[in-house]
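Notes to accompany the following structure.
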Amino acid sequence: MTQLELLKELLGNPDSSDAILQFCLDCASDVICDIRNSDKVESKYLKIQIKIAIEIFSKMGAEGQTGHSENSISRSYETGDISPSLISQIVPFGKTPYSTIRVVV
């Protein structure tokens with residue numbers, strides 16, 4: 001099963017186009033690759049990529065919301081696009097200002 005198919009399944013096969021869901025996956029991939037200093041999402045981070053993509057998709061239309069209450073439903077988002085609890089699961093790849101090597105998987 002591809003990441004896109006898994007994302008669609010976990011979201012309950014939303015009416016959103018594949019392009020929107022792929023955009024969410026690509027954004028999640030960018031975050032992971034930036035932290036890991038990598039060109040590709042490593043296999044151990046594929047589940048985190050899905051979780052981040054779900055979080056990005058869920059916040060569409062309510063970006064930056066800091067609080068909302070309606071009919072006993074309350075929403076508030078942490079600062080930033082992705083919650084720190086997900087970011088903390090990605091182990092940064094150490095680099096120095098003189099590093100020229102990127103991890104290529």
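May I ask you to compute the full-extension gain from Asp34 to Ser83, defined as 0.36 nm times their residue separation minus their alpha-carbon distance, rounded to one decimal in nm? Provide the component values of the computation, followed by the final result.
Values: separation 49, 0.36 × 49 = 17.64 nm, distance 1.59 nm.
Roughly 16.1 nm would be gained on extension.
Taking amide H positions as placed 1.01 Å from N in the peptide plane, with prolines and chain starts having none, which residues 5 or more places from Asn37, or on another chain, fall under 5 Å of its amide H?
Phe93
May I ask you to derive the FRET efficiency for Glu70 and Ser17 from their Cβ-Cβ distance with R0 = 25 Å, giving the value to the nearest 0.05? If you can, show how the numbers build up before the last one.
Details: r = 28 Å, r/R0 = 1.11.
Efficiency, from the Cβ-Cβ distance: 0.35.
Kindly write out, for segment 33-49 in residue order, the coupling ³J(HN,Hα) from the Karplus curve 6.51 cos²θ - 1.76 cosθ + 1.60 (θ = phi - 60°), rounded to whole Hz, with x marking Gly and Pro.
Listing the rounded values in order: 5, 5, 5, 7, 6, 10, 9, 8, 6, 5, 4, 6, 9, 5, 5, 5, 4 Hz.
Each value in this text was obtained by applying a stated rule to the coordinates, not by laboratory testing. Here the structure is a predicted model, which is why all the values come from computation and not from measurement. Cβ coordinates were reconstructed from backbone atoms using ideal geometry, including for glycine residues, and neighbour counts include every protein chain displayed.
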